[in-house]
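Asker: The structure under discussion is supplied below as structure tokens; questions concerning it will follow.
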Amino acid sequence: MGMVITIDGPAASGKSSVSRELARRLGWNWVSTGAFYRGLAFAAIQLGIDLDDVKALAELTHNPVWKVSMQDARTTVYFQNQDVTDLIAHEDVGNFASKVSHYPEVRKALLDAQRNCSNGPQGLVAEGRDCGTVVFPKAEAKVYLTANSEHRAARRAAELGLDQGDMVKAQQQRDLQDSTRKVAPMAVPDDALIVDTTELNLDQVVDKVVDYVKGKI
Ligand code: DC
């Protein structure tokens with residue numbers, strides 16, 4: 001396993017932008033582990049699988065009808081050989097992803113594929129909710145990003161062209177689901193650097209993270 005830096009945090013805290021830029025500066029790979037849950041939820045919906053049918057969802061984790069591919073500047077998801085990465089970015093898919101992610105059988109089935117992303121010769125920046133606690137507990141450096149909920153909703157609403165009020169509610173519900181589930185809840189890893197991104201721009205956040213990880217890798 002190569003070197004790993006984990007970046008966890010709630011919805012729209014800036015994880016993807018920060019991880020992508022950090023990976024670019026280090027010349028490392030970057031993976032969004034949320035793409036696995038989003039891809040699974042998307043495939044389930046397309047195939048008419050009930051999101052409460054744990055057995056069918058666990059089986060679908062290994063079905064080649066969908067796959068996740070780690071690329072330089074994005075984590076691409078394919079369904080029936082079509083690139084659906086833009087489609088799974090929608091907040092409703094995020095909410096479905098949050099639902100399927102609370103099943104231990106589903107999380108366990110996706111774990112190896114997530115861990116395998118660190119198998120290459122390059123280091124890996126892994127982003128999600130449980131990357132520092134469960135997926136890569138021995139990561140060289142761990143970061144937890146946070147931001148106030150209005151700011152996060154405004155950020156995501158602007159990206160997706162949606163109403164900010166609806167987005168606050170949707171994200172609060174998703175964060176509650178993700179932080180209160182029994183298995184691998186979203187949590188701050190013990191030894192993580194916590195960065196509140198509310199008042200910072202992307203470069204300021206990445207600078208802080210780079211300063212921190214430099215001492216660790
Ligand atoms: O990071 P994201 O918004 O793409 O994640 C979508 C959902 O996937 C998130 O609400 C919960 C789930 N998820 C998870 O349970 N564990 C992860 N490591 C990443 C995402």
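Asker: HN-Hα J couplings of the stretch 120-129 from phi, Karplus 6.51/-1.76/1.60, θ = phi - 60°, integer Hz, Gly and Pro as x?
Answerer: x, x, 7, x, 10, 9, 10, 10, x, 10
Asker: For the stretch 6-148, what proportion of DSSP beta bridges, expressed in % and rounded to the nearest 5, is antiparallel?
Answerer: 40
Asker: VAL195's amide H: which non-local residues (gap 5+, or another chain) put their own amide H closer than 5 Å, with H modeled 1.01 Å from N in plane and none for Pro or chain starts?
Answerer: Result for VAL195 returns TYR144, LEU145, THR146.
Asker: If you roll a 1.4 angstrom probe over the protein chains with everything in place, what fraction of the accessible area of the stretch 26-66 belongs to carbon and sulfur, to the nearest %?
Answerer: So the carbon and sulfur contribution to the accessible surface is 51 percent.
Asker: May I ask you to compute the full-extension gain from GLN71 to ASP50, defined as 0.36 nm times their residue separation minus their alpha-carbon distance, rounded to one decimal in nm? Write down the numbers at each step before the final one.
Answerer: Values: separation 21, 0.36 × 21 = 7.56 nm, distance 3.03 nm.
Full-extension gain reported as 4.5 nm.
Asker: I'd like to compare 145-152, 126-133: which one has the highest average count of other Cβ atoms within 10 Å, and what's the full order after that?
Answerer: 126-133, 145-152
Asker: For VAL125, list long-range residues whose amide hydrogen, built 1.01 Å from N in the peptide plane, is under 5 Å from its own amide hydrogen.
Answerer: ILE5, ASN29, TRP30, VAL31
Asker: Same structure again: Residue by residue through the stretch 56-67, which ³J(HN,Hα) values in whole Hz follow from phi under the Karplus form 6.51 cos²θ - 1.76 cosθ + 1.60 (θ = phi - 60°), with glycine and proline marked x?
Answerer: Going residue by residue, I get 5, 5, 4, 5, 5, 4, 9, 7, x, 5, 9, 7 Hz, with x marking Gly and Pro.
Asker: Quick one: accessible area per residue over the chain, 1.4 Å probe, rounded to a whole number of Å²?
Answerer: Working: 10300 Å² over 217 residues.
Per-residue accessible area for the chain comes out at 47 Å².
Asker: Please list the non-local residues whose amide H lies under 5 Å from the amide H of THR75, H modeled 1.01 Å from N, same-chain partners needing a gap of 5 or more.
Answerer: Close amide H contacts, sequence-distant or interchain: SER32.
Asker: Tell me, how many Å apart are the Cα centres for the stretch 1-31 and for the stretch 144-217?
Answerer: The stretch 1-31 and the stretch 144-217 have Cα centres spaced 12 Å from each other.
Asker: Shifting gears a bit: Just to check I understand the Karplus step: with θ = phi - 60° and J = 6.51 cos²θ - 1.76 cosθ + 1.60, what whole-Hz values come out for the stretch 186-192, glycine and proline as x?
Answerer: 4, 7, 7, x, 3, 9, 8
Asker: Still on this structure: Students often get this wrong, so check it: of LYS142/LYS216; LYS99/LYS182; LYS108/LYS182; LYS108/LYS216; LYS99/LYS169; LYS15/LYS138, which have C-alpha atoms separated by over 18 Å?
Answerer: Beyond 18 Å: LYS108/LYS216; LYS15/LYS138.
Asker: Can you give the net charge of the other residues whose Cβ lies under 12 Å from the Cβ of ALA113, counting K and R as +1 and D and E as -1?
Answerer: Net charge in that neighbourhood comes out at +3.
The values are calculated or read from the model by the stated rules, or taken from the named source; none is laboratory data. A quick note: this is a predicted structure, and the numbers were derived from the prediction, not measured. Note: ideal-geometry Cβ built from the backbone for every residue, glycine included; neighbour counts use all protein chains shown. Ligands, DNA and RNA are stripped out before the accessible areas are found, and what is left, the full protein with its side chains, is counted by its heavy atoms. Shrake-Rupley method; radii C 1.70, N 1.55, O 1.52, S 1.80 Å.
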